[in-house]
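Notes follow once the structure below has been shown.
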Amino acid sequence: MKISSLFLFLVSLTHLETIKFSIASEDGVTNTSTCIETEREALFAFKQGLTDPSDRLSSWTGNDCCQWSGIQCNHMSGHVIRLDLRNPFLFTSFGFASMEQNDNTAYKRSCLGGELNSSLLELKYLDYLDLSLNDFKGISIPEFIGMFQNLKYLNLSFASFAGEVPPHLGNLSNLNYLDVYADSYDRLGFYELRSESLQWISRLSSLRYLNMGQVQLNNIEKDWLQAINMLPSLVELHLHSCGLQSLSISLPFVNFTSLSVLDISWNSIISSIPNWLFNLTSLRTLDLSENSFRGTIPGDIVNLISLEVLDLSDNGEIEGPILRNLGNLCKLQFLSLSGNNFSGGKIDELFSGSLDRPNNSLVSLDLSGSQLGGELPDTLGVLKKLQLLQLSENSFWGSIPPSIGNLSSLQQLDLSWNEMNGTIPECFGKLSMLSELNLNENPWDCVITEVHLMNLTLLENVMIMLDKNTSFIFNVTCEWVPPFRLKSLQLENCLVGSRFPKWLQVQSELTTVILKNVGIEDTIPEEWFSKISAQLTYLDLSYNQIKGKLPNKLKYPKIQVINLSNNCFEGPLPLWSTNISHFYLESNLFYGPIPANIAELMPQLVYLFLSENRLNGTIPSSICTIKNLEGLSLRTNQLSGELPNCWNESQPLWVVDLAKNNLTGVIPSSMGVLASLNVLLLSDNDLEGEIPPSLQNCSLVSLDLGGNRLSGKLPPWIGNSVTSLWMLRLRSNSFSGSIPREWCNLQVLHILDLADNNVSGVIPTCIGNLTTLVYDNNSRVSALFSLYHRYIYDEQATVVTKGRELEYSRTLVYVNVIDLSGNKLTGEIPEDITSLLVLGTLNLSRNHLTGSIPEKIGEFRWLETLDLSHNNLSGPIPQSISSLTSLSHLNLSNNNLSGRIPGGNQLQTLPDPSIYGGNPLLCGDPLPTKCPGDEDAPNSPTTGEGLEDNDTGKGDEMLWFFVSMGLGFVVGLCGVCCTLWIKDSWRKVLFRFVGMV
């Protein structure tokens, strides 16, 4: 939950408890009387309609219902006046406690459910009814509740009611408190509650608290606010996430002037900020966040002198100068303007006559994502009561000002995703209350010493994850022991030193440890493992040079993520905990087999990435039984044997990378049951047989089977059943037959590699349909797969381009290649192939292609590699080839091309004559063969004898022209210099002029 949302919730809860107390205390109830018999029978009948799995109503026995749980009676008359069946599970004064997944069953068991019997109408004196936090599984709110004439308090929130909120509730003329918040606590069982009109609310003249959060109001009348305005006693109004689309900008009169809390956040309101707001002088909390309010913030906001909480975040269209007139809001404690458009604004505008007053009460300031810039002002230090400072996702630059040391109450500081390129002052160490620090994604140039950290005794969470070109150094002594005990430490691309630092070894309460690329070249002290083992859940030590063996049997009961990739660890695989879900050990020196019972040792695995090690043996079949497995990468090891033929259709596998091993046998047909399989990489093994047709049942987007002994015809189901491939790599196999026309249907294909097979026939003319398939680098598909590569899996592939084999990983999504070389293709090159405008490599060499090079070959705007060598192409080289401005590798050798080689532009950078060799009828540079007519005029164009003589004459004239011009310049310069040497006064004037300039 966002800090701002939590703060608003707590403030709201304070008001709520105040209202509840005032309502509940009015009658001074007690349970000393015996209840009325008719009311007892009504409660019995009500209980019969309920489900009660945890037996919460076990006390509802005997004659005295006033002693039953949740029942209160009037001490004089004995009438039931209070029915409180609120579910007490995990409810504290701070709202819901966070529930782990296995707690959900216990919560559901504690819920009442079933039907609500109208026998309750016998409780004619009932003034308090609370059924909140239960689970009534989508039943409607009973209309009979609107018949309790004495009801003052009604809470039906979080109880899984659905359907229309009955307008009959408008008959409850004595109602002070109404809460029908529609969010079911069980998110999997959400039930929509809605209201088609709010006119019935206008009759609740005594209402002080109204919460209809997440009740869908998207179809109500546009003047719905008029009904709310009829409530003169209303103190709190909560319409969070109701689908509201309109809000009256003005009102003929403002009746609800007692309003203290107004929350209309998370709606779809498109409007300027309404004028009537500034008449609500009792307003303490104003939350307009997550809407589409636009325009500037009116200066009349200073009228809200009681305002303590102001949240205008995430509207996006509030713009103009940042607030300069907050000086009168001396009670303002919470201010959030995040997610708006103050483009070009500077934070010091906020302090100019606004917050830089000694009596300011600001506790929380959130300006994240507001497009602000400039240096942080030194006046920041006046906010001495500030506990939260959120300035992330802006364009702030420079250093943290020294006045930061004055913020003695600061608990959370977030400067992430800015352009802070300076230093951190030593007075930062005065922030003794600081518990959370986020400096992520800034180009810092600073050194941290013990002085910066000496008094941060409460520091618990540190995040400093930076780019590689950043200089952020921890320069502390080896023996320094810090005063804090961290819960979470996340450092990336910071320098902590080559040895494993002592200040990390004493952190015995860590749950999250990320030390990625921090320069450690040491071994991990074994005692450190044992100290953090009890509570550690996330461990990332990747991209260091950490050496040695890891304890094999050390247990981490709570750990879920281990990333030790790109280090120098050795020994057998460490198997530490049955709870591990993400296991990354790539690029190390681990050896030995994968345990045959890995599914028993690590049953919760989601990602198992062990690539680039020295593992041997076979792939255990028990991997097929890991029910939650999504990613399996064993690439570049020494694994042998056959692929397991036991794949489970219930597994959510989306990536299987077994490339560069010694695997044999066939691709098992059982892989076709993996419906979610996106990436299948089996290249550079010794597999044989055909591609199993069952793979058409998978959701393949990347298929690499290159470098095997696979055979058979190219399957036409690629392009029919499988249409989302963006990489299809089958090179260096024994595939035969023709290229299926169905492959032209591949909508996102940008790598097609069939090189070195036995493919015959013609290149399909429909290959021109790939205009939208070989997509631009900025396309949505490219961006999508870029995210996969960066955050989930670095897919690798070898691509022949620029005349050599290149290995691509994270940049693979930007490679656009068609390679059909080394086959038996015949016929002509389709003219439509030139419509593939963003193609980077086209290799059709070593085939039997005939005809001419397409005339529009120059339309390949981004073509870097063109290889048409070793074919039977004839005719001239099109002049348009000189338009290939990105071309860096060209090979047209060993064909039957004829005529003059085009010149100019990019072709001048390719002077190697061998790229045209083997074409006896070609002539011109860079070949030694001269074209007809070149012999008579080797240094000039052969355009006729008369023209040649004329050009020679012009050359002589030009020569004398430049000689005479040069002599004149020298003579003139000498004259000026001599004059200045002789005339002292002129020389002084000139020097004074030059000095002024």
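Assorted remarks:
- Residue 711 paired with residue 457, simple spin-label distance in nm, labels 7 Å along Cα-to-beta-carbon: 7.9
- For residue 663, residues with placed amide H under 5 Å, excluding near neighbours: 686
- Calculated FRET efficiency, residue 48 to residue 205, Cβ-Cβ distance, R0 = 35 Å: about 0.45 to the nearest 0.05.
- Protection proxy ranking of 382-393, 57-68, 674-685 - average other beta-carbon atoms within 10 Å, highest first: 674-685, 382-393, 57-68
- Report note on the peptides 834-845, 240-251: ranked by the mean count of other C-beta atoms within 10 Å, highest first, their order is 834-845, 240-251.
- Residue 192-residue 848 FRET efficiency (beta carbon distance; Förster radius 51 Å; 0.05 resolution): 0.20
- The label-point distance for residue 804 and residue 223, in a model that sets each label 7 Å from Cα toward Cβ, rounds to 7.8 nm.
- Pairs exceeding 32 Å between alpha-carbon atoms, taken from 137/331; 487/549; 516/627: 137/331.
- A simple spin-label model places pseudo-atoms 7 Å from Cα toward Cβ; at residue 379 and residue 604 they are separated by 5.1 nm.
- Remark on residue 633: its backbone amide H falls under 5 Å from those of 608, 609, 610, 657, a criterion applied only to residues 5 or more positions apart or on other chains, H modelled at 1.01 Å from N.
- Proximal aspartates and glutamates relative to residue 346, as straight alpha-carbon distance under 16 Å, when same-chain residues fewer than 8 apart are discounted: 319, 356, 366, 375, 378, 393, 419
- Converting phi to 3J(HN,Hα) with the Karplus coefficients 6.51, -1.76 and 1.60 and the offset θ = phi - 60°, the stretch 195-211 yields 8, 8, 7, 10, 5, 5, 5, 4, 7, 8, 5, 9, 5, 10, 9, 9, 10 Hz in sequence order, with x at every glycine or proline.
- Equivalent ellipsoid semi-axes - Cα gyration tensor, the stretch 631-712, angstrom: 18, 14, 12
- Cα gyration tensor category, rounded, prolate or oblate, for the stretch 407-498 with a/c compared to 1.5: oblate
- Residues of type aspartates and glutamates that residue 531 reaches as a straight line, Cα spacing below 14 Å, ignoring anything fewer than 8 places off in the same chain: 509
- The stretch between residue 523 and residue 828, if pulled fully straight at 0.36 nm per residue, gains 103.6 nm over its current Cα-Cα span.
- FRET efficiency, residue 253 to residue 144 (Cβ-Cβ, R0 25 Å, nearest 0.05): 0.10
- Under 5 Å between amide hydrogens, built in the peptide plane, is the criterion, and for residue 51 it picks out 113, 114, 115 among residues at least 5 positions away or on other chains.
- Shape class of the stretch 834-945 from the Cα gyration tensor (axes a ≥ b ≥ c, square roots of the eigenvalues): prolate, since a/c reaches 1.5 or more and a/b is larger than b/c.
- Shape of the stretch 167-272, Cα gyration tensor, a/c cut at 1.5: oblate
- Remark: the stretch 731-741, residue by residue, has Karplus-estimated 3J(HN,Hα) of 5, 6, 10, 10, 5, 10, x, 9, 6, x, 5 Hz, where x stands for each Gly or Pro and the curve is 6.51 cos²θ - 1.76 cosθ + 1.60 at θ = phi - 60°.
- Across the stretch 701-716, coupling constants 3J(HN,Hα) worked out from phi with the 6.51/-1.76/1.60 Karplus curve, θ = phi - 60°, read 10, 9, 10, 10, 10, x, x, 10, 10, 5, 9, x, 7, 5, x, x Hz, and Gly and Pro carry x.
Each value in this text was obtained by applying a stated rule to the coordinates, not by laboratory testing. Please read all numbers here as calculations on a predicted model, not as lab measurements. We place every Cβ from the backbone using ideal geometry, glycine too, and count neighbours over all the protein chains shown.
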